[in-house]
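Colleague: My structure is below; once you've seen it, I'll send some questions.
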Amino acid sequence: MVNLIYEQLQDNIREGKKVDKPLTNWFLLTFVLSWLTLGIALVYTFIKRILRVDKYIRRKSEYFDIVIHFIEVESNERGLDDYENIMNRLKTRLQEFKNTEHYIMPYFIKAFIPLIIFTIFLALFVLLTGIGNIENYLLIVIFSVWAVFAFGVIIVYIYKMNKVWDDIQKFEHDMYEDISRAFISLKLIEHPIMYYMDLSIKKEFVKYTILGFVTCGIWFLVWDYYVHTAPDNMYKIFHGAENTVSEIIKSCCRRD
């Protein structure tokens, strides 16, 4: 049984190594590719960011299911102190995580579809009416409304992406605390699994929004840079903890 669990865990970790990779360099994307592709590269990268976090959440949900199953199996063999409380916390936290964070892609689709429809409508209106037949003040109003709408959607997108990765690391920190308690009780390890949260990941929405306006948009670029690069730094912590758990389960395979 433990050998099968270990193989499942290894498959999950191998999938993570394929998916958890850095995106295109932010400076190259923002200042070169976005201009050369007339913004297409930015849209593509926005989608890649969403897919990246969505795939990570799906994989990590499966990963913790496997680890919880391992703890249940080992508990029957060795006996786990405070079994019910530890297992209830692990399963409850995992279920809450699945319920709140498992639908990232649909969330952003709902946010961006109105913007896309609005953009197409405005483009058709201008083309069919003829830009020369539209009063200047009306053009200003139309494009001002579009700019405010697009800006609002993008800012919410940046904030949500930032918050999701911070929520993920908090969730994993709590999970590894209880997993460590279980492993120590099962006498599989002597010290808790090393997992450090990066407190600099989360950016305050109000503070960064105000700074963005004060700096004429420059701080929004800084915020977007953090969102783009934060997962790359977090992967080292995530994968380190995964490898530790993998080695612990592997040692039980050797025993069997």
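The values are calculated or read from the model by the stated rules, or taken from the named source; none is laboratory data. The structure presented is a predicted model; accordingly, all values stated were derived computationally and were not measured. Here the Cβ is made from the backbone with ideal geometry for all residues, glycine too, and neighbour counts use every protein chain on show.
Colleague: Quick one: would you say SER200 is surrounded by 12 or more Cβ atoms within 10 Å (Cβ to Cβ), farther than 22 Å from THR100 by Cβ and either under 24 Å from the mean Cα position of the chain (by Cα) or free of Cβ contacts under 8 Å to residues at least 24 places away in the same chain (or both)? Show your work before the answer.
Modeller: Details: surrounded by 12 or more Cβ atoms within 10 Å (Cβ to Cβ): no; farther than 22 Å from THR100 by Cβ: yes; either under 24 Å from the mean Cα position of the chain (by Cα) or free of Cβ contacts under 8 Å to residues at least 24 places away in the same chain (or both): yes.
So SER200 fails the test.
Colleague: Still on this structure, I have one more. Give me the pairs, please: first residue somewhere in the stretch 48-70 and without any contact (Cβ under 8 Å) to a residue 60 or more places away in the chain and farther than 16 Å from MET234 by Cβ, second residue anywhere and of a type outside the set (S, T, N, Q) and in a helix (DSSP H, G or I), beta-carbon distance under 6 Å, and either six or more positions apart or on two chains.
Modeller: SER61/LYS98; ILE68/LEU90
Colleague: Looking at TYR176, TYR195, TYR225, which one is of a type in the set (Ser, Thr, Tyr), part of a helix (DSSP H, G or I), touching a residue at least 40 places away in the same chain (Cβ under 8 Å) and closer than 20 Å to ARG59 by Cβ? Please lay out each step first, then the result.
Modeller: Numbers: TYR195 fails: part of a helix (DSSP H, G or I); TYR225 fails: closer than 20 Å to ARG59 by Cβ.
So the residue among TYR176, TYR195, TYR225 that is of a type in the set (Ser, Thr, Tyr), part of a helix (DSSP H, G or I), touching a residue at least 40 places away in the same chain (Cβ under 8 Å) and closer than 20 Å to ARG59 by Cβ is TYR176.
Colleague: Which ones in the stretch 94-119 are surrounded by 16 or more Cβ atoms within 10 Å (Cβ to Cβ) and at pLDDT 90 or above?
Modeller: LEU94
For every residue, the table says whether it meets (1) buried (at least 16 other Cβ atoms within 10 Å of the Cβ); (2) among the aliphatic types (A, V, I, L, M); (3) modelled with pLDDT under 85; (4) within 20 Å of ILE68 (Cβ to Cβ).
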{"site": "TRP165", "(1), (2), (3), (4)": "yes, no, no, no"}
{"site": "HIS191", "(1), (2), (3), (4)": "no, no, no, no"}
{"site": "TRP219", "(1), (2), (3), (4)": "yes, no, no, no"}
{"site": "ALA230", "(1), (2), (3), (4)": "yes, yes, no, no"}
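Colleague: Separate question: Restricting to the stretch 198-221, what's the tally of residues that are in a loop (DSSP other than H, G, I, E, B) and under 24 Å from ASN233 (Cα atoms)? I'd like the intermediate steps shown before the answer.
Modeller: Taking the stretch 198-221 and keeping what is in a loop (DSSP other than H, G, I, E, B), we get 198-204, 215-217.
From what is left, the residues that are under 24 Å from ASN233 (Cα atoms) are 198-204.
Counting residues in the stretch 198-221 that are in a loop (DSSP other than H, G, I, E, B) and under 24 Å from ASN233 (Cα atoms) gives 7.
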